[in-house]
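First up is the structure itself, then whatever we jot down about it.
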Amino acid sequence: MRRTGVGLVLALTALFSGFALTGCSVLGTVEAPVGGEADILALAAGETAGAEMSGGNRLEEIKERGYLTVATEPYFAPNEFIDPSKSGDERYVGADIELAHYIADHLGVECRIVPLDFTAVLSSVSEGKYDMAISALAYTPARAQAMELSDGYYFDEETVWYGLLVREEDLDEIQGAGDLGDRTVVVQSGSLQEVFAQEQIPAYGELKLVSATTDGFLMVQEHKADACVTAAATAQLYLEANPKCGMIMVPDFRFTVDESTQGTRIGMKKGETQLRDAVNEIIAQMTEEGLYKEWYQEYADYAASLGIN
């Protein structure tokens with residue numbers, strides 16, 4: 001049986017609902033889940049600081065044990081999401097899931113998907129609990145310091161851009177980042193979008209951090225926030241699945257993406273350079289074959305057919 005629309009989103013995101021604390025910001029109030037990305041990655045970096053950084057043996061361990069553990073937050077279609085009609089590991093689908101299996105196949109091992117919330121994806125891989133983070137991971141300096149990051153594997157400026165999702169009724173008043181001085185902005189904690197909110201929004205009334213992007217969409221829809229900083233492709237899937245939600249991406253506005261942040265990455269424990277290099281070779285072959293763009297479109301259609309956003 002297939003579930004569609006907001007009901008499905010609520011069912012999925014309820015699994016990852018987190019507690020929140022309220023703190024202070026020079027731009028306004030920030031409401032955030034316990035343990036933001038900066039704290040998590042700083043802790044992970046501290047724990048690995050004394051480790052040998054010239055290259056670990058994780059690649060050898062993976063081959064010896066016969067399986068690869070991949071941490072992901074399966075609530076970010078079309079990269080990774082859940083097909084509710086399936087069970088077990090088969091329910092985890094998406095372009096990134098295909099990539100995970102592709103890497104495992106090339107390493108000659110089984111792929112085991114580990115579903116987590118996004119901040120746990122980052123911390124668990126940084127600490128070495130799991131082998132890789134494949135979860136639409138963008139480059140940030142903090143992540144590069146705490147983890148080994150692969151080469152970028154998905155670049156598409158037409159679909160991968162970031163903006164503001166607002167209610168249609170507010171579109172006349174919110175036409176860009178400069179119009180949020182007295183507004184409540186929501187963004188996924190630990191995401192590249194959070195960096196945009198902190199660095200490219202001149203001022204806001206309140207900034208709320210949530211565990212999943214879809215939580216942010218619902219907050220805007222339910223008048224609990226005024227704008228959500230989001231990837232346009234993710235918002236588009238939500239809007240297509242919920243045509244009467246009364247929301248829209250602000251036209252003619254995009255956050256500026258630095259070249260160093262472009263391209264989706266894979267995260268691995270710091271110091272695992274042999275594993276990183278092996279992954280980069282596999283990514284290069286996948287890119288040459290043009291596979292990821294095919295997967296991305298395939299699973300965008302797949303998610304839309306399920307009403308998943």
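Out of all the residues in the range 118-134, is one or more among the aliphatic types (A, V, I, L, M), out of contact with any strand residue (DSSP E or B) (no Cβ under 8 Å at 6 or more places or on another chain) and surrounded by 24 or more Cβ atoms within 10 Å (Cβ to Cβ)? No; the residues of the range 118-134 include none that is among the aliphatic types (A, V, I, L, M), out of contact with any strand residue (DSSP E or B) (no Cβ under 8 Å at 6 or more places or on another chain) and surrounded by 24 or more Cβ atoms within 10 Å (Cβ to Cβ).
Of the residues contained in the range 263-275, one or more are found to be surrounded by fewer than 20 Cβ atoms within 10 Å (Cβ to Cβ), modelled with pLDDT of 95 or more and in a helix (DSSP H, G or I).
Among the residues making up the range 77-100, those that are among the hydrophobic types (A, V, I, L, M, F, W, C) and farther than 18 Å from Ser150 by Cβ are Ala77, Phe81, Ile82, Val93. Considering Val93, Val109, Val187, Val166, which residue is farther than 21 Å from Pro78 by Cα, buried (at least 23 other Cβ atoms within 10 Å of the Cβ) and at pLDDT 95 or above? The unique qualifying residue is Val166.
Among helices (runs of 4 or more DSSP H) entirely within the range 58-135, having at least 1 residues that are touching a residue at least 24 places away in the same chain (Cβ under 8 Å) and touching a Ser or Thr at 6+ places or on another chain (Cβ under 7 Å) singles out 95-107, 118-126. Looking only at residues that are exposed (fewer than 14 other Cβ atoms within 10 Å of the Cβ) and at pLDDT below 95 in the range 48-74, which one is nearest to Ala146 (Cα to Cα)? Result: Ala49. Annotation note: of Glu199, Glu222, the sole residue that is more than 21 Å from the chain's Cα centre (by Cα), surrounded by fewer than 19 Cβ atoms within 10 Å (Cβ to Cβ) and of a type outside the set (A, V, I, L, M, F, W, C) is Glu222.
I need the full set of residues from the range 276-309 which are without any contact (Cβ under 8 Å) to a residue 60 or more places away in the chain and outside any helix (DSSP H, G or I), in order please. Selection gives Gly290 alone. For the range 156-184, the set of residues classified as free of Cβ contacts under 8 Å to residues at least 12 places away in the same chain and farther than 14 Å from Arg254 by Cβ consists of Asp172, Glu173, Asp179, listed by residue number. Scanning the range 247-295 for residues that are of a type in the set (D, E, K, R) and within 22 Å of Ala71 (Cα to Cα) turns up Arg265, Lys269, Lys270, Glu272, Arg276, Asp277, Glu281, Lys293. Against the conditions (1) assigned to a strand (DSSP E or B); (2) touching a residue at least 60 places away in the same chain (Cβ under 8 Å), Tyr153 satisfies every one except (1).
The values are calculated or read from the model by the stated rules, or taken from the named source; none is laboratory data. Computed from a predicted structure; not experimentally measured. In this analysis, Cβ positions are derived from the backbone assuming ideal geometry, glycine residues included, and neighbour counts consider all displayed protein chains.
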